[in-house]
Amino acid sequence: FLQLDGVGHDVLRDAVGKDLMPTVARWLGDSDSDSDSDSDSDSDGDRTVTVDGARPTHRLTPWRTDWSSQTGASQLGILHGSNHDVPAFRWYEKAGREVMVCNRPTSAAELQRRAVDRTGDGGLLTADGASRGNLFSGGADEQALVLSIATKRRSRENRSRAGYFAYFSDPANAVRTALSFVAEVGREIAQSTRARVRKVRPRVSRGGLYPFVRAFATVVERDVVVAAVMGDMLAGRTSVYADLVAYDEVAHHSGPCSRDAEKVLERLDRALALIENVAEHAPRPYRIVVLSDHGQSPGETFRARYGLGLGDLVRAGCGLPVPRK
């Protein structure tokens, strides 16, 4: 299971139509001209297109999230079967007087515990599965870059061999990823400068540490997770769930339909092709499921749209002084 974080159905369909994702296009059997292809219909009435004599291997199906359209709620539901009482990415729980944040390790661990207690099941990956780059473990024995276990002390016996150390212990991996990291930082600085000069709207701040955060998400996390998935496949694991967050990180800052985000989709498609090639050499057959946890819509921030932050609006509504800026 390869999760393309934040990629909406329309975004993926547009990317395939623009030939940005040839691997996905081949899986779907998409072609520029239907006249050159044979086609038939399945029992549900969905058209299946044959390209170059080869039937498509995948079908693109849209789905809708519930009210909480974000990674925490969606991935918890997918991996653990319940996202009960997850109203947003961040919320305040009066009972414990605590702010819950889905990408905070302590919160992720608590949400996972609640889901397991509610369903009575360990999760999607309990049968010899592996969880890579996710918020939650899914009950997998093999885990790397999983947020819900980040607070646990990992001994030599239970430490995953598919994390950062395993990847960067190979000098070739370390040098390639380091160079790509530096190049990505430069790419973000150039793209943000261009957007500012062109006065692109809506636009959010992309300064400070963000270029490094983006480079981590689009290069380091991607490389480590993809390498871990390939290792899992060659080891013949029953199931693997991996989250590739690159598009989501860039789309939040550059826009879901921006050229910056489209370039990231191109690189993700190459990662899918690499995993597909490894599947041919795996000791068992694999089905590759590509899915997403939510989509995105372009829009200005509350402060940019109304001239004050949401917190200041609440203070004003409560009759409290609002700081002038």
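Read the figures in this text as sums done on the coordinates, not as results from a lab. Values in this document were obtained by computation on a predicted structure and should not be read as measured data. As a convention, Cβ positions derive from the backbone with ideal geometry for all residues, glycine included, and neighbour counts pool all protein chains shown.
Measuring between their Cα centroids, segment 206-232 and segment 304-320 lie 35 Å from each other. Ranked by the mean number of other Cβ atoms within 10 Å per residue, highest first, peptides 71-83, 196-208, 289-301 order as 71-83, 289-301, 196-208.
Size of segment 64-317 from its Cα atoms: along the principal axes, largest to smallest, the extents are 58, 47, 34 Å. Counting only DSSP beta bridges with both residues in the chain, tell me the antiparallel percent, nearest 5. So the antiparallel bridges amount to about 45 percent of the total. Can you compute the FRET efficiency between residue 200 and residue 291 using 1/(1 + (r/R0)^6), with r the Cβ-Cβ distance and R0 = 25 Å? Round to the nearest 0.05. Taking R0 as 25 Å, the efficiency between residue 200 and residue 291 is 0.25. Provide the FRET efficiency to the nearest 0.05 for the residue 103-residue 57 pair, computing r from the beta carbons and using R0 = 25 Å. The calculated FRET efficiency here is 0.15. Compared with the alpha-carbon gap, the fully stretched path from residue 259 to residue 64 is longer by 67.7 nm at 0.36 nm per residue. Using 0.36 nm per residue and subtracting the Cα-Cα separation, the extra length available between residue 84 and residue 314 on full extension is 80.1 nm. Taking 135, 60, 147 in turn, the Gaussian network model of the chain (Cα-Cα springs below 10 Å) assigns the largest fluctuation to 60. Note on residue 322 and residue 172: the extension gain reaches 48.6 nm, defined as 0.36 nm multiplied by sequence separation minus the Cα-Cα distance. Along its three principal directions, the equivalent ellipsoid of segment 58-110 from the Cα gyration tensor extends over semi-axes of 25, 11, 9 Å, largest first.
Using a Gaussian network model of the chain in which every pair of alpha carbons under 10 angstrom is joined by a spring, one finds that among 177, 151, 126 the greatest mean-square fluctuation is at 151. Per-residue Cβ neighbour counts within 10 Å put 67, 27, 91 in the sequence 67, 91, 27, beginning with the fewest.
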